[in-house]
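Asks: The structure is given below, and queries will be raised subsequently.
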Amino acid sequence: MANNALDPLTGLLRREAFDEALHAAFLKASQDNAPLALAFFDIDRFLQANDIYGQQGGDAILATIADIAGQIIGARGQLSRYGGDEFACLFENTEREQAFLVMEQVRAAVEALEQFTNGETTIDAKVTITGGVAAYPIDGSDENELFRKADGALYRAKMTGRNKFVLAVEERMIPKTAHFTQTQLERLSELAGEQGVSEAVLLREALDDLLVKYKHNFLFFDRMKGKHTIS
């Protein structure tokens with residue numbers, strides 16, 4: 001693997017390399033009709049930790065969490081530093097409940113830590129992580145939906161107390177016919193046919209982009225910038 005595919009601080013896959021691995025794994029899972037689990041997590045109130053311990057202290061926290069998560073996950077999954085204090089893990093041939101149990105082990109191990117080091121800086125601190133888990137095919141029929149469901153689970157975990165992992169849940173859908181003009185619906189149907197996806201997928205993608213554009217307080221990742229609004 002090329003060196004530029006790895007994050008220099010943690011030694012984990014960078015976001016771009018992870019996205020490629022996820023795409024390849026999803027294609028294989030869909031062809032083999034096999035389960036595929038995806039987990040996202042980040043460090044609770046990491047910006048505050050950076051303010052308290054400085055950048056070197058923050059690096060120590062990131063490096064230690066990456067190390068302990070890597071040890072626990074091992075060969076069962078592919079771990080990535082997705083950006084900033086955000087991590088992602090891909091589990092092939094794994095049901096979401098199995099992935100959840102692995103990530104819960106990671107969460108408990110991080111909570112139990114009292115010291116963090118990156119080899120140069122060592123700090124005494126208490127840190128927690130929060131995450132969400134989703135899986136194909138139970139939570140999403142395509143790669144984008146799987147990503148969105150794992151991301152949404154992370155958001156729910158943040159909003160319900162942090163220091164936990166939660167599973168994706170089925171979302172309540174609202175009929176669209178009363179909210180759009182006939183011309184809009186016709187153009188939407190045409191676009192869906194051209195792209196080979198459902199109209200619902202396009203509408204959810206458009207809404208996610210709208211929330212990011214106006215910096216609404218949702219935890220949908222901007223995959224180009226690797227940023228979110230809640231820590």
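Asks: Out of all the residues in region 61-72, is one or more polar (S, T, N, Q) and either free of Cβ contacts under 8 Å to residues at least 40 places away in the same chain or surrounded by fewer than 18 Cβ atoms within 10 Å (Cβ to Cβ) (or both)? Let's see the steps before the verdict.
Replies: Narrowing region 61-72 to residues polar (S, T, N, Q): 64, 71.
Among the residues that remain, those that are also either free of Cβ contacts under 8 Å to residues at least 40 places away in the same chain or surrounded by fewer than 18 Cβ atoms within 10 Å (Cβ to Cβ) (or both) are: 71.
Within region 61-72 (the criterion being polar (S, T, N, Q) and either free of Cβ contacts under 8 Å to residues at least 40 places away in the same chain or surrounded by fewer than 18 Cβ atoms within 10 Å (Cβ to Cβ) (or both)), the answer is yes, since at least one residue qualifies.
Asks: Let me ask something additional. Pairs please, first residue from region 193-222 and surrounded by 14 or more Cβ atoms within 10 Å (Cβ to Cβ), second anywhere and modelled with pLDDT of 80 or more and of a type in the set (A, V, I, L, M, F, W, C), Cβ atoms under 6 Å, 6+ apart in sequence or on different chains.
Replies: Sorted first by the residue in region 193-222, then by its partner, the pairs are E199/L188; E199/A192; L202/A192; L219/L154.
Asks: The conditions are (1) surrounded by 21 or more Cβ atoms within 10 Å (Cβ to Cβ); (2) within 16 Å of A37 (Cβ to Cβ); (3) more than 13 Å from the chain's Cα centre (by Cα), and S141 fails exactly one of them. Which is it?
Replies: If we test S141 against (1) surrounded by 21 or more Cβ atoms within 10 Å (Cβ to Cβ); (2) within 16 Å of A37 (Cβ to Cβ); (3) more than 13 Å from the chain's Cα centre (by Cα), just (1) comes out false.
Asks: What residue, among those in region 145-165 that are aliphatic (A, V, I, L, M) and buried (at least 22 other Cβ atoms within 10 Å of the Cβ), is farthest from V127 (Cα to Cα)?
Replies: Applying the filter and picking the extreme gives L146.
Asks: Another question about this same structure. Which of (1) in a strand (DSSP E or B); (2) aliphatic (A, V, I, L, M); (3) surrounded by fewer than 21 Cβ atoms within 10 Å (Cβ to Cβ) does A34 not meet, given it meets every other one?
Replies: A34 satisfies every listed condition except (1).
Asks: Now for a different question. Identify, please: which residue in region 124-138 is among the aliphatic types (A, V, I, L, M), under 27 Å from A112 (Cβ atoms) and surrounded by fewer than 23 Cβ atoms within 10 Å (Cβ to Cβ) and is, among those, nearest to the chain's Cα centre (by Cα)?
Replies: This residue is V127.
Asks: Still on this structure: Check A150, A157, A135 and return the single one that is farther than 28 Å from L9 by Cα, outside any loop (DSSP other than H, G, I, E, B) and of a type in the set (A, V, I, L, M).
Replies: Only one candidate qualifies: A135.
The values are calculated or read from the model by the stated rules, or taken from the named source; none is laboratory data. Keep in mind that this is a model prediction, so the values were computed, not measured. We place every Cβ from the backbone using ideal geometry, glycine too, and count neighbours over all the protein chains shown.
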